[in-house]
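Enquirer: The structure follows.
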Ligand SMILES: CC(C)(COP(=O)(O)OP(=O)(O)OC[C@H]1O[C@@H](n2cnc3c(N)ncnc32)[C@H](O)[C@@H]1OP(=O)(O)O)[C@@H](O)C(=O)NCCC(=O)NCCS
């Protein structure tokens, strides 16, 4: 999924007595979790019920062929027609390539020292993105990313719970409660820009710059010395935004891959 690093978790997750981790927001993932090892997850792809999203519970753990094969079986048994991965590092990408997945998007990793970021001097300010704003945030996300790559409310919740600590901010302007939003997070001393979207009619007004500077300053306050983001190699506006803020290309790439399921 574009612009989304996947990391350990989890306000959204509860532990059952058995120890199985269950996502309260999604019946499909609940059933899948009971059948899969703890290291791997399946859930519905936002806005397309025929596609299963496959991702690792811990960003630092690579897929194994055994686990992915198991996930393929479970996805098939649940009636999905395709399995699509989250953003994968090269080792996991190699594993899925052996299992007939093909790459559908390539993402570039960029990084910056958040302590070096200057204030924006912007007119607007950011506000807290609360649970009651998630529907509006999902609407902005859909308009900004389009149906193929956008997040719905459930996947926004997952993005918030992907890091140990999370910060969600919005820009409200022109009578809209959410015309732009960002989800960022911190895990193990690094900051991550998890998601960023600006409503198309409100783009080029400085909202993204404001949100990212806010996120970087928050990361710096917590002592983080590194902030990371990934974005599609074809996403020129996002690449221009991040490089204008001092992010540099790290020469590391992630992929999103998918395969058909013969039913
Ligand atoms: C990328 C995106 C978040 C930028 O939001 P925005 O509010 O329009 O960006 P800003 O107005 O803060 O722009 C800040 C800088 O980014 C760069 N930039 C932003 N949009 C750009 C574009 N379409 N073309 C070239 N550069 C662009 C410019 O350097 C700009 O500074 P300038 O306006 O002074 O030239 C927005 O286009 C968007 O929501 N796109 C779809 C979702 C997405 O790609 N999210 C990020 C995934 S990681």
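Values in this text are rule-based calculations from the coordinates and carry no lab data. Worth saying up front: this structure is predicted, and the values here are computed from it rather than measured. Reconstructed Cβ throughout: ideal geometry from the backbone, glycine too, with neighbour counts over all protein chains shown.
Enquirer: With the cut-off at 1.5 for a/c, could you classify the chain from its C-alpha gyration tensor as rounded, prolate or oblate? Can you show the working numbers first?
Expert: Details: a/c = 1.71, a/b = 1.58, b/c = 1.08.
The shape class here is prolate.
Enquirer: Under a point spin-label approximation (7 Å from Cα along Cα-to-Cβ), what is the residue 113-residue 188 distance to one decimal in nm?
Expert: Output for this residue pair reads 2.2 nm.
Enquirer: Calculated from DSSP H runs of 4 or more alone, at -39500 (n - 2.57) each and per residue, what is the 222 nm mean residue ellipticity of the chain, nearest 500? All intermediate terms of the calculation are to be shown ahead of the outcome.
Expert: Numbers: 7 runs with 76 residues, N = 263.
Taken over the chain, the calculation gives -8500 deg cm²/dmol.
Enquirer: How big is the equivalent ellipsoid of the stretch 110-253 along its three axes, where each semi-axis is √(5λ) from the Cα gyration tensor, reported in whole Å from largest to smallest? All intermediate terms of the calculation are to be shown ahead of the outcome.
Expert: Working: eigenvalues 90, 54, 52 Å².
Semi-axis lengths for the stretch 110-253 are 21, 16, 16 Å.
Enquirer: Still on this structure, please answer the following. What angle, in degrees between 0 and 90 and rounded to the nearest 10, separates the Cα long axis of helix 134-145 from the longest principal axis of the Cα atoms of the chain?
Expert: Long axis of 134-145 versus the principal axis of the chain: about 90 degrees.
Enquirer: Please work out the FRET efficiency for the pair residue 143 and residue 249, using the Cβ-Cβ distance as r and a Förster radius of 30 Å; give the result to the nearest 0.05.
Expert: On the way: r = 28 Å, r/R0 = 0.92.
After rounding, the FRET efficiency stands at 0.60.
Enquirer: Okay, moving on. At what distance in angstrom do the alpha carbon centres of the stretch 109-179 and the stretch 207-240 lie from each other?
Expert: About 11 Å separates the Cα centre of the stretch 109-179 from the one of the stretch 207-240.
Enquirer: For the pair residue 38 and residue 135, how long in nm is the line joining their label points, each one 7 Å along Cα→Cβ?
Expert: Going from the residue 38 label point to the residue 135 one covers 3.7 nm.
Enquirer: Springs between alpha-carbon pairs under 10 angstrom, Gaussian network model over the chain: which of 252, 153, 108 fluctuates most?
Expert: So, out of 252, 153, 108, the one fluctuating most is 252.
Enquirer: Once fully extended, how much extra length lies between residue 70 and residue 225, figured as 0.36 nm per residue of separation less the alpha-carbon to alpha-carbon distance?
Expert: Details: separation 155, 0.36 × 155 = 55.80 nm, distance 3.80 nm.
Length gained between residue 70 and residue 225: 52.0 nm.
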